[in-house]
Structures are given as structure tokens and as C-alpha cells.
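Q: Structure in C-alpha cells, see below.
The values are calculated or read from the model by the stated rules, or taken from the named source; none is laboratory data. Values in this document were obtained by computation on a predicted structure and should not be read as measured data. Please note: Cβ atoms are built from the backbone with ideal geometry, for glycine as well, and neighbour counts cover all protein chains shown.
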Amino acid sequence: MSGFSEKLHIEPHYGVVVHRDFEPLYSDDNYARFYGYQNAESILSLTSILELISPEEHSKALEVYKNLMSGKQKPGVRTYKNIDKENNELTVLAIDNIIDWEGAPAMQVIIIDLSYQFEMQRNLTLSEERYRVLVDGSIQGILVHNNFKPLFCNDAYVQMFGFENEQALLNSKTILSLIPSEYHEQAYRDNRSLLSGVESVIKTESKGIRLDGSIVWVSLLSRTVVWDGEPATQITVMDITEQQLLRERLEHRANYDVLTNLLTRRAFNELLAEEFTYAQQHSNALCCVLIDIDNFKNINDQNGHHSGDLVLKSFASTAKKNLRESDFIGRWGGDEFVLILPKTDIEHAKLIADRLCNDLANLSIDIDNGSLSFSVSIGVSSLSKKVHNVETLLSEADKALYQAKHQGKGCVAIVS
């Protein structure tokens, strides 16, 4: 198990210990801190971790260890009363597994400190099983599978994926139905890496599918265990849907203009640079289109900024309808917009620009004191021998836009 302590990572509210006959072989710092010790080395200096278990629980712990190591009992989830360095009593949830440690079986125990929850429920006299039902939904989900055939799961995992009960999930032939198809290859690859010993622990984030078809985002911590004498994969799962949705909202806010919902200038520049490089490397056509709303200042001055906002929104929605899925549009600033048309020659780009120009000219926008129409001027440039970088491509489109303005506005000009 060389490198185990370097690769293993447990969330801060978890602690892990590996022992044989209760002699500690490995501990992480979280486990040590649960019991008032400074670091893992303090745990390894103990003669036996039975010192950390309440005397009244010793016989239970010894019997469980004996039955697990002999194969008479399956790994599972249990609660224990433990004792810290200052002799304070702790209540912990222990998740035990048999693993291979330096060529011989040993017991790996992941503990979760439940003392706070028990304190909150101190006036209730609940059995261990009833308490597990109470707290199981608030801890991370646990699943053990053999090549994606579920062998064990806890209630938290069941609830996370919308099953009625644990048995309903365990009756499934495979958990791959809970994973979108685009993640299957990664799931197979990670599982092979764990079972072959290439990786001892893998932490990933993935999209999951609940039983009702809705989406859940999860953080996964996977490792191998021995289950009924055979290697299996244990996954600790945390629902991160809220965090993922927040991340997506923040990314959208950073990349899209609030008013028009078009790409911001920064985000557009990144895409433009990627498309420009790709077009050059593959000798593809590429066109850039700059658009300016004619007399936009007058629209604001005569009708108010609210009317100006309506014009910008109407432009954005109309432009999207005229574009293909492969095209990109961004708000360049104020009343200026920019399009990138991949794999498009300048003749085809002009047809797209002409259609957009005409559609916009035929719009009628309802405002407080009647209706409003507007026009746009458009300049089109293309990737050519004299265009060697993004700046030149934009500069050529800007020259064409200037030409359209001087031709009377409301028209399209291309680089001559």
C-alpha cells in the first residue's frame, strides 16, 4: 500500500483508520483530531485503538472484527460510543471494510462524528436503527458495487437518486442507468483503474440521473474494498446540485450580457481566438461581422432609455433566429455587436447579413407613445491571405462597417 497516505483524501468531517487486531496501521489527521490528538502519528503510537472505544462497546467491536475477518459478517454501517483523549464520550458512525494492506487483510474504518446530532436528540430514546434512519439522509451517500452491479447502499444514496428504499435500488442490475451515457466511458475507465491498482482513490464530479429522470450533480470519492471475498468499488457520494447550479449561474453571468443574453466581449474574444486558430490550422473559411444600430443615441434621447433597451433586446432575439448553431454572436459594446461565422465564405456571409439587415428593418416595437422601428449597418470581413490575426480580421470588418455607414446606413458592406 505504498503511497496510500499520499493519495487518500477524505472530506474534513470524515476520519479514516486502518487496523489489524486493533493495532493501528494507518490513520489520517481528521481521525486523530476527532479524538483530541494533534496528528495521525499520535494514533499510530497507540498500542490498540480499543483505547478509543468505550469499554462497554469492546465486546461488540471485537465480535464484529472477528466475524468480518472470517467472512461470517458483511461490511456495513454501525454506531459506536467512543472516548477521546480527555475521556469525553463521542458517538460515531463507523463504515467498515476489509482491504488488502501490505499483502494481508486489514480493516479500514471510516468514521463520522455524530455527537452533535445525538446532542440535538438527547431527549429521545431511539434505537440504533431508528437513529440511523433519522441521520442517514443528512450524511453522504454510500454505494458498493461490483462492475456496477449494486451490492450495498445506504439510505442517503437511495434518497439522492429517488428510490423507494434500499432494496429497490439493490434489485437494479446496474447503476449505469443512473449515469448519463456521456459519462459511461469515464466510469468504466475509473473502475478499471481502481480494480487494477493503478489508482487507490479517485475523486470526480459527475452528473447523475434520478429515478424520475431529473438531474442531480454529485461529487464522487471512489476506492476499492473487499466484499464477500471479492474486490469491489465503494463510492462515497455528495449531492452538489445547488453548488453546480450556482456555478453555472455565475459562469453565465460572467459570459453573457445581462440585457441581451448575448456573449460578453471577453467571452466572445475567447471564442473568436479559438475559431480563428482552428480555421487557420484546417484551412477553413471564416467570416467576422460587425453590426451597429443606426442612430441609437437619437432613439434614447427621443424615446427614453427604456425604449433603447427594447431595441437592444429585439435586435438580440432577431439575430439569434437568423444564425446557425455553429455561429456566435456577442455584444461588442453599447449598440455594437459582432458575429463569427465559421466555415462560411464571404458571399454566404453577406447573404446572412443581408437577411438579418432586412428582418431588423421590418420590425415594429411597441413603446409607450406608439411604435418604433430601427435599422442597422453591417460590415463583413473574411479570413484571407492579408488577414494574419484576429485584430486584422476585426479591423477589416470595422472598415466595412464604416463603408456601410457612408453608403447611407441600413445596409451591408464587405471588404473590397
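Q: Taking the range 379-405 on its own, how many of its residues are in contact (Cβ under 8 Å) with a residue 12 or more places away in the chain and charged (D, E, K, R)?
A: Residues meeting the conditions: 4.
Q: Starting from the range 301-312, keep only residues that are assigned by TED's automatic domain parsing to the domain that holds PHE374, then list their pairs with residues that are surrounded by 12 or more Cβ atoms within 10 Å (Cβ to Cβ) and part of a helix (DSSP H, G or I) whose Cβ atoms are within a distance under 7 Å, requiring at least 6 positions of separation or different chains.
A: SER307/ILE299; GLY308/PHE296; GLY308/ILE299; GLY308/ASN300; VAL311/ILE299
Q: Follow-up. Does the range 66-73 include one or more residues that are touching a residue at least 24 places away in the same chain (Cβ under 8 Å) and either assigned by TED's automatic domain parsing to the domain that holds THR233 or buried (at least 20 other Cβ atoms within 10 Å of the Cβ) (or both)? If you could, list the steps in order and put the result at the bottom.
A: First, the residues of the range 66-73 that are touching a residue at least 24 places away in the same chain (Cβ under 8 Å): 68-69, 71.
After this cut, where a residue has to be either assigned by TED's automatic domain parsing to the domain that holds THR233 or buried (at least 20 other Cβ atoms within 10 Å of the Cβ) (or both) as well, the list is none.
The answer is no; no qualifying residue exists.
Q: Another question about this same structure. Quick check on LEU341: is it in contact (Cβ under 8 Å) with a residue 24 or more places away in the chain and buried (at least 21 other Cβ atoms within 10 Å of the Cβ)? Show your work before the answer.
A: Values: in contact (Cβ under 8 Å) with a residue 24 or more places away in the chain: yes; buried (at least 21 other Cβ atoms within 10 Å of the Cβ): yes.
Yes, satisfied.
Q: For the range 21-57, give me the residue count where each residue is among the hydroxyl-bearing types (Ser, Thr, Tyr) and more than 16 Å from ALA106 (Cβ to Cβ). If you could, list the steps in order and put the result at the bottom.
A: Just the residues of the range 21-57 that are among the hydroxyl-bearing types (Ser, Thr, Tyr), to begin with: 26-27, 31, 35, 37, 42, 45, 47-48, 54.
Then keep just the ones that are more than 16 Å from ALA106 (Cβ to Cβ); that gives 35, 37, 42, 45, 47, 54.
The total comes to 6.
Q: Check GLN186, GLN167, GLN121 and return the single one that is among the polar types (S, T, N, Q) and modelled with pLDDT under 90.
A: GLN121 is the lone residue from the list that is among the polar types (S, T, N, Q) and modelled with pLDDT under 90.
Q: Next question, about the same structure. Quick check: anything in the range 349-369 touching a Leu at 6+ places or on another chain (Cβ under 6 Å), in contact (Cβ under 8 Å) with a residue 40 or more places away in the chain and closer than 24 Å to ALA273 by Cβ? Quick ask: steps written out before the conclusion?
A: Taking the range 349-369 as the starting set, the residues that turn out to be touching a Leu at 6+ places or on another chain (Cβ under 6 Å) are 349, 365.
Next, only the ones that are in contact (Cβ under 8 Å) with a residue 40 or more places away in the chain stay: 349, 365.
This time we only want the ones that are closer than 24 Å to ALA273 by Cβ, so: 349.
Checked against the condition, which is being touching a Leu at 6+ places or on another chain (Cβ under 6 Å), in contact (Cβ under 8 Å) with a residue 40 or more places away in the chain and closer than 24 Å to ALA273 by Cβ, the range 349-369 yields at least one hit.
Q: If you don't mind, there's one more thing I want to ask. When the range 186-210 is examined, which residues are found to be touching a residue at least 60 places away in the same chain (Cβ under 8 Å), closer than 20 Å to ASP100 by Cα and of a type outside the set (A, V, I, L, M, F, W, C)?
A: The first filter runs over the range 186-210 and keeps only residues touching a residue at least 60 places away in the same chain (Cβ under 8 Å), leaving 199-201, 203.
Then drop every residue that is not closer than 20 Å to ASP100 by Cα, which leaves 199-201.
Within the range 186-210, GLU199, SER200 meet the criteria.
Q: Looking at the range 215-257, which of its residues are at pLDDT 85 or above and under 30 Å from LEU339 (Cα atoms)?
A: Matches in the range 215-257: TYR256, ASP257.
Q: Do any helices (runs of 4 or more DSSP H) lying entirely in the range 258-359 carry at least 2 residues that are of a type in the set (Phe, Trp, Tyr), and which ones are they? Break it down into steps so the answer makes sense when it comes.
A: Details: elements: 265-282, 296-303, 305-322.
Filter on the range 258-359 gives 265-282.
Here is a yes/no grid of residues against (1) out of contact with any helix residue (DSSP H, G or I) (no Cβ under 7 Å at 6 or more places or on another chain); (2) closer than 30 Å to SER193 by Cβ; (3) surrounded by 12 or more Cβ atoms within 10 Å (Cβ to Cβ):
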position	(1), (2), (3)
VAL225	yes, yes, yes
MET238	yes, yes, yes
THR241	yes, yes, yes
LEU272	no, no, yes
PHE276	no, no, yes
SER283	yes, no, no
LEU310	yes, no, yes
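Q: Within the range 150-165, is there a residue that is free of Cβ contacts under 8 Å to residues at least 24 places away in the same chain and within 19 Å of PRO231 (Cβ to Cβ)?
A: Scanning the range 150-165 turns up at least one residue that is free of Cβ contacts under 8 Å to residues at least 24 places away in the same chain and within 19 Å of PRO231 (Cβ to Cβ).
Q: Can THR224 be described as assigned to a strand (DSSP E or B), of a type outside the set (A, V, I, L, M, F, W, C) and in the same structural domain as LEU151 (by TED's automatic domain parsing)?
A: Working: assigned to a strand (DSSP E or B): yes; of a type outside the set (A, V, I, L, M, F, W, C): yes; in the same structural domain as LEU151 (by TED's automatic domain parsing): yes.
Answer is yes for this residue.
Q: So, one more: So, in the range 1-48, of the ones that are assigned to a helix (DSSP H, G or I), modelled with pLDDT under 90 and within 20 Å of GLU102 (Cα to Cα), which residue ends up nearest to the chain's Cα centre (by Cα)?
A: LYS7
Q: With of a type in the set (Asp, Glu) and loosely packed, with under 15 Cβ neighbours inside 10 Å as the only criterion, which of GLU205, GLU199 stands out? Quick ask: steps written out before the conclusion?
A: On the way: GLU199 fails: loosely packed, with under 15 Cβ neighbours inside 10 Å.
Within the list GLU205, GLU199, the selection yields GLU205.
Q: Restricting attention to the range 367-416, and to residues there that are of a type in the set (A, V, I, L, M) and in a strand (DSSP E or B), which single residue is nearest to ASN284 (Cα to Cα)? Quick ask: steps written out before the conclusion?
A: First, the residues of the range 367-416 that are of a type in the set (A, V, I, L, M): 367, 372, 376, 378, 380, 383, 387, 390, 393-394, 397, 400-401, 404, 412-415.
Within this subset, residues satisfying the condition of being in a strand (DSSP E or B) are 367, 372, 376, 378, 380, 412-414.
Values: ILE367: 44, LEU372: 40, VAL376: 28, ILE378: 23, VAL380: 17, VAL412: 23, ALA413: 22, ILE414: 19 Å.
Only one residue fits best here, namely VAL380.
Q: Of the residues in the range 26-50, how many are surrounded by 19 or more Cβ atoms within 10 Å (Cβ to Cβ) and touching a residue at least 40 places away in the same chain (Cβ under 8 Å)?
A: So the answer is 5.
Q: Continuing with this model, one more query. So which pairs qualify, if the first residue must be in the range 237-261 and within 17 Å of ARG331 (Cα to Cα), the second must be among the hydroxyl-bearing types (Ser, Thr, Tyr) and surrounded by 15 or more Cβ atoms within 10 Å (Cβ to Cβ), the Cβ gap must be under 7 Å, and the two must be at least 6 apart or on different chains?
A: Final answer for the pair search is ASN255/THR264; TYR256/THR264; ASP257/THR264.
Q: Residues of the range 312-329 being surrounded by 14 or more Cβ atoms within 10 Å (Cβ to Cβ) and farther than 15 Å from ASN261 by Cβ, which ones?
A: ASN322, ASP327
Q: Same structure again: Taking the residues in the range 251-264 that are exposed (fewer than 14 other Cβ atoms within 10 Å of the Cβ) and out of contact with any Asp or Glu (no Cβ under 7 Å at 6 or more places or on another chain) as candidates, determine which candidate is nearest to LEU323 (Cα to Cα).
A: Looking only at the range 251-264, we keep the residues that are exposed (fewer than 14 other Cβ atoms within 10 Å of the Cβ), and these are 251-254, 258-259, 261.
Narrowing further to those that are out of contact with any Asp or Glu (no Cβ under 7 Å at 6 or more places or on another chain): 251-254, 258, 261.
Details: GLU251: 23, HIS252: 20, ARG253: 22, ALA254: 23, VAL258: 20, ASN261: 15 Å.
Looking at the filtered set, the residue picked out is ASN261.
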